[in-house]
Amino acid sequence: MKKNAKKVMIIAIIVIVLIVCGVLVYFKLIKPHNEAGAKYNKAAQIIKEKNNELDDKVKKVQDLIDSNEKVIDENVIANAKEVTKKAEASKYVLEKMPSKTKEIESKTEEISAPLDYTELLNELDKAYNEYDTSIKQYKQLTNPSEEFVIQRLQTIDEIADVRAVTEDHDPNGKLNKPGGYTSTVYFESKNVDQSKVYGEDIIEKGTQAGGSIEVYANEDNAKSRESYLAGFDGSILSSGSHKVVGTVLIRTSDDLNATKQKNLEEKIVKALSELK
């Protein structure tokens, strides 16, 4: 009996020692490790959420880039690429949680530092909106109607009057012909002395009276026409400035000096591309 009692006592002591050791291990090692891990995961979750928000914005802009939609202003494409590249490079890379408690605590302190993507998110939103707007503007200037062109030209103070060609009254004879324009609208500029321009009406006076808008079914036809006109630049046959926007060829009178040509051209681009 005494031997059994002694054995039981030894076992009890061992059990108590094991329990004490277990408690000590838990409170000294396991509990601090678990708490450190929980704090790390909480801080990491905040970073993941912010990274996800950034990723969503980047994807939204990237989807526009990948769409290869045509734009009025090619600069919006370069800007969108630059902003997405900057966002990707600035994103915080969250590493795997360390295994040791002290390292976890140290890493938690590091990742708990404020992470603010506000400026990047605003830049991405701006890049998206400018890109999206430019796409819509290109579509608006893809073979627009004659009525649309006339209405927009009439909003420009410098332009005194406008007239569209008809198949019976078309100096170039290219209206609705293969490769030709789908409409052409001539206009007078208040900065051109009309008494010095030959012709009975605006159409007869032609581009010299102020300028014209030639509309084509596609961009290739518009650029082909512009290339033809460029061949006369600097010569006695030069008919003024010319610029393709969408499938529209904007021309201004050679009677205007270079500065006035550019100013008028900019006014026309703005009037035609404004989204309403």
About its Cα centre, segment 180-276 carries a charge dipole, from +1 on Lys and Arg Cβ atoms and -1 on Asp and Glu Cβ atoms, whose size in debye to the nearest 20 is 300 debye
Most fluctuating residue given options Glu167, Glu88, Glu200, as computed from a GNM of the chain linking Cα atoms under 10 Å:
Glu200
Note down the net charge around Thr142, summing +1 for each Lys or Arg and -1 for each Asp or Glu among other residues with Cβ under 13 Å from its Cβ.
0
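So which of Lys70/Lys276; Lys85/Lys139; Lys50/Lys85; Lys70/Lys205 end up more than 25 Å apart, counting from Cα to Cα?
Beyond 25 Å: Lys85/Lys139; Lys70/Lys205.
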Whenever you get a sec, compute what percent of the accessible area on the chain sits on carbon and sulfur atoms (1.4 Å probe).
53 percent
Cβ-placed point charges (K, R +1; D, E -1), dipole of the chain about Cα centre in debye, nearest 20
3380 debye
Neighbourhood charge, 13 Å Cβ-Cβ cut-off, centred on Ala230 and excluding it, Lys, Arg +1 and Asp, Glu -1
+2
Too-long pairs where the Cα-Cα distance tops 28 Å, listed order kept, from Lys196/Lys260; Lys48/Lys102; Lys196/Lys243; Lys57/Lys243
Lys57/Lys243
Taking a crude spin-label model, label points 7 Å out from Cα along the C-beta direction, the Ser106 to Glu74 distance in nm is 5.2 nm
How large is the charge dipole for segment 77-144, taken about the Cα centre, if only the Cβ atoms of Lys, Arg (+1) and Asp, Glu (-1) carry charge, to the nearest 20 debye?
320 debye
Note, segment 199-204: 3J(HN,Hα) by Karplus (6.51, -1.76, 1.60, θ = phi - 60°), whole Hz, Gly/Pro = x, goes x, 7, 9, 4, 5, 5
Hey, in the GNM for the chain with a 10 angstrom Cα cutoff, which one of Ala222, Ala38, Ala209 fluctuates hardest?
Ala38
Could you give me D for segment 221-273, from Stokes-Einstein at 25 °C and 0.890 mPa s, where the hydrodynamic radius is the Kirkwood radius over C-alpha pairs? Units µm² s⁻¹, please.
215 µm²/s
Please build a GNM for the chain, connecting alpha carbons under 10 Å apart, and tell me which residue among Gly234, Gly179, Gly199 fluctuates the most.
Gly234
Report, in deg cm²/dmol and to the nearest 500, the calculated mean residue ellipticity at 222 nm for the chain, where each DSSP H run with n ≥ 4 adds -39500 (n - 2.57) and the sum is divided by the residue count.
-18500 deg cm²/dmol
Roughly what percent of Cα-Cα pairs across the chain reach past 33 Å?
52 percent
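Assuming a ≥ b ≥ c are the square roots of the Cα gyration tensor eigenvalues, decide whether segment 140-276 counts as rounded (a/c under 1.5), prolate (otherwise, with a/b larger than b/c) or oblate.
It is rounded, given that a/c, with a ≥ b ≥ c, falls under 1.5.
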Among the listed pairs Lys7/Lys31; Lys86/Lys270; Lys59/Lys126, those beyond 25 Å (Cα-Cα):
Lys7/Lys31; Lys86/Lys270
Per residue accessible area of segment 60-132, 1.4 Å probe, in Å²
66 Å²
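The values are calculated or read from the model by the stated rules, or taken from the named source; none is laboratory data. Keep in mind that what you see is a predicted model, and the values were worked out from it rather than measured. So basically every Cβ, Gly included, is an ideal-geometry build from the backbone, and we count neighbours across all protein chains shown. Ligands, DNA and RNA are stripped out before the accessible areas are found, and what is left, the full protein with its side chains, is counted by its heavy atoms. Shrake-Rupley method; radii C 1.70, N 1.55, O 1.52, S 1.80 Å.
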